[in-house]
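Colleague: One structure, as structure tokens, below. Some questions next.
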Amino acid sequence: ANFPATAGSIVVPYGHVIANEKWRGSEVAQRLQGKVRLIFEDGLGLVDFHLSNRTCILLISEADLVAGDEFKRRLVKFRNASSLRGIVIVEKTQISGQYYSGVQKLVVLELGMVLLPVANQGEASQLIIQLVREQSRDRGSNPFVRKQRSQLAEPAVLQAVQHIPGVGKTKALLLLQRFGSIHRLCNTPIHELEQVVGQTVAQQIYTF
């Protein structure tokens with residue numbers, strides 16, 4: 001309980017993920033191996049995975065949700081003590097589903113963080129891989145644009161983009177990372193949308 005909220009300034013090379021030692025041997029770690037370069041570190045504090053110097057993941061497992069309110073204290077402590085962009089990934093299963101609306105209220109409405117539900121740790125690892133790849137792809141872009149692009153979406157904006165047919169939580173996150181706002185997304189030519197989500201979904205977005 002007396003962990004520091006984060007490890008302070010941590011440098012994450014592109015294409016790497018720095019994982020909290022407690023996840024060594026877990027399903028999510030095993031699925032990340034070979035897809036991204038995974039480094040385990042002690043002393044990351046409340047953070048589970050660092051994706052870049054500024055973005056990190058807090059992963060709330062089914063067991064955390066069922067065990068009680070400890071994870072809520074962890075999230076509040078992180079939010080109060082850290083300037084990092086935290087993405088909260090929650091394992092929403094048949095067992096933990098009943099607790100989800102309470103988590104949503106805390107994370108999105110009270111703490112103003114991005115919340116992404118997943119069915120299991122395998123889905124969580126897929127999401128992490130996709131986010132890491134997107135950041136690596138953006139590496140060579142205009143350094144002045146990069147800062148704006150890497151801003152993670154406001155929760156309400158993320159929810160709104162997910163209402164577009166064919167766009168789930170992962171595509172919504174990628175679109176907002178790339179284009180930055182709903183306004184820019186509305187004015188984006190279809191060929192640019194295709195580069196991010198493919199032809200079919202790009203057409204659905206454009207039509208919508």
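Colleague: Look at region 14-37 and say how many of its residues are touching a Phe, Trp or Tyr at 6+ places or on another chain (Cβ under 6 Å), assigned to a strand (DSSP E or B) and open to solvent by 30 Å² or more (accessible area, probe 1.4 Å).
Modeller: Summing the residues that are touching a Phe, Trp or Tyr at 6+ places or on another chain (Cβ under 6 Å), assigned to a strand (DSSP E or B) and open to solvent by 30 Å² or more (accessible area, probe 1.4 Å) in region 14-37 gives 0.
Colleague: Additional query: List, please: which pairs have Cβ atoms under 9 Å, are six or more places apart or on different chains, and start with a residue in region 80-103 that is among the hydroxyl-bearing types (Ser, Thr, Tyr) and end with one that is open to solvent by 80 Å² or more (accessible area, probe 1.4 Å) and at pLDDT below 90?
Modeller: Close Cβ pairs (under 9 Å, with a partner that is open to solvent by 80 Å² or more (accessible area, probe 1.4 Å) and at pLDDT below 90) amount to SER83/ARG54.
Colleague: Please verify whether region 43-60 includes one or more residues that are within 15 Å of VAL103 (Cβ to Cβ), open to solvent by 20 Å² or more (accessible area, probe 1.4 Å) and touching a strand residue (DSSP E or B) at 6+ places or on another chain (Cβ under 7 Å).
Modeller: Checking region 43-60: not a single residue is within 15 Å of VAL103 (Cβ to Cβ), open to solvent by 20 Å² or more (accessible area, probe 1.4 Å) and touching a strand residue (DSSP E or B) at 6+ places or on another chain (Cβ under 7 Å).
Colleague: Going by the structure shown, is VAL196 at pLDDT 80 or above, open to solvent by 20 Å² or more (accessible area, probe 1.4 Å), under 20 Å from SER52 (Cβ atoms) and part of a helix (DSSP H, G or I)?
Modeller: Here the answer is yes, as VAL196 does meet what is asked.
Colleague: Are there any pairs, at least 6 apart or on different chains, whose C-beta atoms fall under 9 Å, with the first in region 170-197 and at negative phi and among the small types (Gly, Ala, Ser) and the second crowded, with 19+ Cβ neighbours inside 10 Å and not in a loop (DSSP other than H, G, I, E, B), and if so, which?
Modeller: Taking only residues 6 or more apart or on different chains, the pairs are ALA172/LEU158; ALA172/VAL161.
The values are calculated or read from the model by the stated rules, or taken from the named source; none is laboratory data. As the structure is a prediction and not an experimental result, all values here were calculated from the model. All Cβ positions, even for glycine, are placed from backbone atoms using ideal geometry, and neighbour counts span all protein chains on display. These area figures cover heavy atoms from the full protein model, side chains too; ligands, DNA and RNA do not enter into them. Shrake-Rupley method; radii C 1.70, N 1.55, O 1.52, S 1.80 Å.
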